[in-house]
Each structure stands twice: as structure tokens, then as C-alpha cells.
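Taking it in order: structure first as C-alpha cells, then the write-up.
The values are calculated or read from the model by the stated rules, or taken from the named source; none is laboratory data. This is a predicted model, so every value here is computed, not measured. Virtual Cβ from ideal backbone geometry, glycine too; neighbours counted across all protein chains shown.
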Amino acid sequence: MERMESMEPLSAFYTTAYPEIQPESGYGSGDKTPPAPAPAYDQELVHKTILVGDSGVGKTSLLVQFDQGKFIPGSFSATVGIGFTNKVVTVDNLKVKLQIWDTAGQERFRSVTHAYYRDAHALLLLYDITSKSSFDNIRAWLTEIHEYAQSDVVIMLLGNKTDMAGERAIRREEGERLAREYSVPFMETSAKTGVNVELAFTAVAKDLKSRAIQHPTEPKFKIHEYIEAQKEKSSCCSFF
């Protein structure tokens, strides 16, 4: 025991006796530095999320369904200006705070909406599957988004009111095709029945959380693949 206490460290022995042999670090090479740890997610972050689309597509109903889990019978009066709701979504055991803004779809409020694009982290763009005009206007909405919003904003396209399938004017394939053209995720929702409403916001929250702690060497979160994976897990409904 006494002899062991008086011995030099093993690394010093190798350096002295065999100078051409240098002890390696735990990463396999003495000249390699360990990778920087991934940043921790700040659960106090607030992610500004905006609902946009023509008047009457169901933006307010979608927000109420997500926030309160209910549908209020009868149509809402058109949103005047803009309002917001705070909602916390649990993602990977972390709390992601969304500040969800409900915007007016009428043309006269469009300039007000533009001002909110600039610092938006996510945009959910809605059309009504029973209204061809609301779908035809999606390109104009996307043009405005690309003009006024940040280049890295999360965008999701939603075809709402699937509970009114008997009055459908836009086929699901049309929505999918448009989403592929603009490289944005897409799903159909129902603010009335709640179909895919929670998934839409959860997918956005997961993407926002991943971007906030993205490590340069790690693969990026792919929202399309996440939605597909959730689709496969579901045995009772289709997400697309």
C-alpha cells in the first residue's frame, strides 16, 4: 500500500519512459475537444403563435377548442382587430409557452395583422374546406407571410371544418399538394369535433422547442415526420 502511494501517476510514467507515447483523452485523441453540450430549454420562453386566414374559416373556434376543449354552437361574430390567449403545452416533459393570437381575416384589418407577423415564431394558416375562395386566397396569405414574417418562422397549413364533409369544396389532396408546393406541414382539422386540433398545436410547440435548443451537430426536428408518426399511432382517425 505504501509503495502505491509513492508511485507517480501512470500518465507521467508513460511520458517519461516512452516519450513518443502520449496518453489519449477520453475522446480518442489528445487534440480533440469534447462536443459542446446542448443548451437547456428555457421554459420561460414565450412563443408568439398567430392564427391567420380569411374571415369565417374558424380561427376563433379552433383556438377555443384548443384552449378550452369545447365548441360553442352558433357562429362567432367576426373577430375585430386582434386578441390573444396564453397556453402551456407539455412537450417531452417540458412546458412550452404559446401566446396564441387570433387575427381578423377581413381585408380592412390586414395592415394590423402585418405588424404582428414580424416577431411571430409560428403561423397557423387556415382555410375552410367548404369554401373555395378561402382556399384560393391561401397563396396570397403565404405571399404576405413571406414578405413580413421572419424567414425561419414555423408555418402550418390547416384545412378546417372537416365535420362538414358533406359540403366539402376542397379535396384533401388539393391541400396536400399546395402544402408540398410551399414545403409546409398540412393537416385537416375540425374546431367542432376537435379532430387534429391538439396535434396541430403540439407539433408546432415541439418544433419551436427543438429550434430553441438545436445543437449544430444534431439533426433538425422534422415536423412532417412527427405528424406522420402520430398518424401511424392512431387507430381511430386519419390525420391527413
Quiz item: Of these, Leu142, Leu126, which one is assigned to a strand (DSSP E or B), out of contact with any Cys (no Cβ under 9 Å at 6 or more places or on another chain), in contact (Cβ under 8 Å) with a residue 12 or more places away in the chain and surrounded by 12 or more Cβ atoms within 10 Å (Cβ to Cβ)?
Solution: Leu126
Exercise. Go through the residues of segment 181-200 one by one and say whether even a single one is hydroxyl-bearing (Ser, Thr, Tyr), in a loop (DSSP other than H, G, I, E, B), on the phi < 0 side of the Ramachandran plot and touching a Ser or Thr at 6+ places or on another chain (Cβ under 7 Å).
Key: yes
Quiz item: When you look at Lys161, is it surrounded by 15 or more Cβ atoms within 10 Å (Cβ to Cβ), closer than 27 Å to Phe71 by Cα, touching a Gly at 6+ places or on another chain (Cβ under 8 Å) and not hydroxyl-bearing (Ser, Thr, Tyr), yes or no?
Solution: yes
Quiz item: Are there any pairs with C-beta distances below 7 angstrom linking a residue in segment 171-200 that is at pLDDT 95 or above to a residue that is part of a loop (DSSP other than H, G, I, E, B) and of a type in the set (Lys, Arg), with the two at least 6 apart or on different chains, and if so which?
Solution: Ser190/Lys161
Exercise. Look at segment 69-102 and say how many of its residues are outside any strand (DSSP E or B) and either at pLDDT below 75 or over 29 Å from Gln43 (Cα atoms) (or both).
Key: 11
Quiz item: Being exposed (fewer than 12 other Cβ atoms within 10 Å of the Cβ) and in contact (Cβ under 8 Å) with a residue 60 or more places away in the chain, is that true of even one residue in segment 216-226?
Solution: yes
